[in-house]
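The values are calculated or read from the model by the stated rules, or taken from the named source; none is laboratory data. Everything numeric here is computed off the predicted structure, so don't read it as measured data. Please note: Cβ atoms are built from the backbone with ideal geometry, for glycine as well, and neighbour counts cover all protein chains shown. All accessible areas refer to the heavy atoms of the entire protein, side chains included, with ligands and DNA or RNA removed. Shrake-Rupley method; radii C 1.70, N 1.55, O 1.52, S 1.80 Å.
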Amino acid sequence: QVQLVESGGGLVQPGGSLRLSCAASGSIFGANVMGWYRQAPGKERELVATRRTSGITTYADSVKGRFTISRDNAGNTVYLQMNSLKPEDTAVYYCSLRNLIPNGLVYWGKGTPVTVSP
């Protein structure tokens, strides 16, 4: 079906930057939405950012102005540039893809951990 492989997670200091990458392969439609979600200890998985093939993006209020999602459409790769990182950004970050036209199921990567600590 669809496979998603994340990379780029790690340990960074508050105020630092990190870039996550996600490579998608498989049955990917021309119209789709890829995104990033995160899950912190003791919390539910939450939306971080999404980007459609149309270029429309969404961001969680907590990351607006700090994170930027981008896509390499030719390579079916999505990136998350994270700047001005805060300790509360610590979580496992998951890549997702959902085909559109027709609408499909959401596929998930296995996640990459991000830790923001002094």
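Just a few scattered comments:
- For the peptides 100-110, 27-37, residues were scored by their other Cβ atoms within 10 Å and the scores averaged per peptide; the highest-first order is 27-37, 100-110.
- Loop-resident sites, the range 49-98, for trypsin sites (Lys or Arg not before Pro), counting at most 13 other Cβ within 10 Å (DSSP): Lys64
- Each residue of the range 88-105 was assigned a 3J(HN,Hα) from its phi angle through the Karplus expression (A = 6.51, B = -1.76, C = 1.60, θ = phi - 60°), giving 6, 7, 4, 4, 8, 9, 10, 8, 9, 9, 9, 6, 10, 6, x, 5, x, 7 Hz with x at Gly and Pro.
- Label-to-label distance, Ser117 versus Arg66, with points set 7 angstrom from Cα along the beta-carbon direction: 1.8 nm.
- Here's the list of aspartates and glutamates a cross-link from Lys110 could span, going by alpha-carbon distance under 20 Å and ignoring same-chain residues fewer than 8 apart: Glu6, Glu44, Glu46, Asp89.
- Taking θ as phi - 60° and the Karplus parameters 6.51, -1.76 and 1.60, the scalar couplings of the range 4-12 work out to 10, 10, 8, 7, x, x, x, 9, 9 Hz in sequence order, x denoting glycine and proline.
- GluC sites (Glu not before Pro) lying in DSSP loop within the range 1-109, provided at most 10 other Cβ fall within 10 Å: Glu44
- The chain: equivalent-ellipsoid semi-axes (sqrt of 5 x gyration tensor eigenvalues, Cα, Å): 24, 14, 13
- Probe 1.4 Å, accessible area per residue of the chain, Å²: 53 Å²
- Length-normalised contact order of the chain in % [C-alpha pairs under 8 Å, at least 6 apart]: 36 percent
- The chain - percent of accessible surface contributed by carbon and sulfur, probe 1.4 Å: 50 percent
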